[in-house]
Amino acid sequence: MPRVITSNGYQIGYVGAGSGEATPIVFLHGVGSDKSVWHPQLDHFGRSRRAIAFDYPGYGDSDAAADGTTRDDYASAILSAMHDLGIDRAHVCGLSLGGVVAIAMHHADPGRCASLILADTFAVHPEGRAIHDRSLAGSRDLRAMAEARVDMLIAQPADPEIRREVVETMSRIDPAAYRIGAEAVWLADQRDRAHEIRVPTLILVGDQDLVTPVDLSNELLDLIPDARMQVIHGAGHLGNLEKPAEFNAVVEEFLQPLG
């Protein structure tokens, strides 16, 4: 898989599709996945623009993350990787942890973010500490945790192929990287940062998301000036995989006037 060496010293894994004059779009994965989960979006958006999905440090094809790596370090690594790939400005679409990182990217360098698409995510999670602690305990056996959690992550009844993909992807994650990612997402409190967002923002959430329920997206909607929100019916926490046609259509409609 392609990797790019960033100014932070990390080699960051990525996969891309497409080209063209339209503003590129960047995809950021959740704590229990990697860049591979964005294949329905790369296939779709690569037809009209450059589309790239990244791994965070420690995930997928990226170098291992150093102890103490934070969500801001993830944001810095992705911004650096974008620069090294010649992407000075992009629409940034992040799901769950990816949404947390997208908000951190905007805080670090708002001029690099043409817009934000924040899917199944939050500014602060009221049960974040408890989820974090359970995640750390489960990280000793990620396959077992994936099997135990998958039916909470995706709406029921689940497509067996999507269920298998979610389990296999989570099972591949290095446990140390997963623990760093769990801290980055579940202990986040970015309410002040969300309130500072001044770029066009789309908030997406599945109506059956049990992990980051609709109320947390409503909170983001209240925090971010002029944001818009769309609920994806029949989707759980992973709407981009569960309902890719609906997910892509809503994002496409949002991007059309923005270029």
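Largest first, the extents of the alpha carbon coordinates of the stretch 43-111 on the three principal axes equal 39, 26, 25 Å. Over the stretch 198-259, the hull volume per residue, using the convex hull of the C-alpha atoms, is 74 Å³.
Name the shape class, rounded, prolate or oblate, that the alpha-carbon gyration tensor gives for the chain, where a ≥ b ≥ c are the square roots of its eigenvalues, rounded holds for a/c under 1.5, and otherwise prolate holds if a/b is larger than b/c and oblate otherwise. It is rounded, given that a/c, with a ≥ b ≥ c, falls under 1.5. In terms of its C-alpha gyration tensor, the stretch 1-77 comes out prolate, because a/c is 1.5 or above and the ratio a/b outweighs b/c. Summed over the residues of the stretch 174-259 and divided among them, the accessible surface reaches 43 Å² per residue at a probe radius of 1.4 Å.
Charging the Cβ of each Asp and Glu at -1 and of each Lys and Arg at +1, and nothing else, the dipole of the chain about its Cα centre rounds to 320 debye. Oblate is the label for the stretch 108-259, because the ratio a/c of its alpha-carbon gyration tensor axes (a ≥ b ≥ c) is 1.5 or higher and a/b is not greater than b/c. When only Cα pairs below 8 angstrom with a gap of at least 6 residues are kept, the stretch 91-234 shows a relative contact order of 31 percent. The apolar share of the surface of the chain, taken as the fraction of accessible area on carbon and sulfur atoms (1.4 Å probe, ligands and nucleic acids excluded), comes to 49 percent. Solvent exposure of the stretch 25-96 amounts to 30 Å² per residue of accessible area, where only protein heavy atoms count and the probe is 1.4 Å. Simple point charges give the picture: +1 on the Cβ of Lys and Arg, -1 on the Cβ of Asp and Glu, and for the stretch 155-259 a dipole about the Cα centre of about 180 debye.
Within the stretch 164-183, whose backbone N sits under 15 Å from a point 7 Å along Cα→Cβ of Ala144? Only 171, 175 pass the distance filter.
The values are calculated or read from the model by the stated rules, or taken from the named source; none is laboratory data. Computed from a predicted model, the values in this text were never measured in an experiment. Using ideal geometry, Cβ is built from the backbone for each residue, glycine included, and neighbour counts are taken over all protein chains shown. Keep in mind that these areas ignore ligands, DNA and RNA; they rest on the heavy atoms of the full protein, side chains included. Shrake-Rupley method; radii C 1.70, N 1.55, O 1.52, S 1.80 Å.
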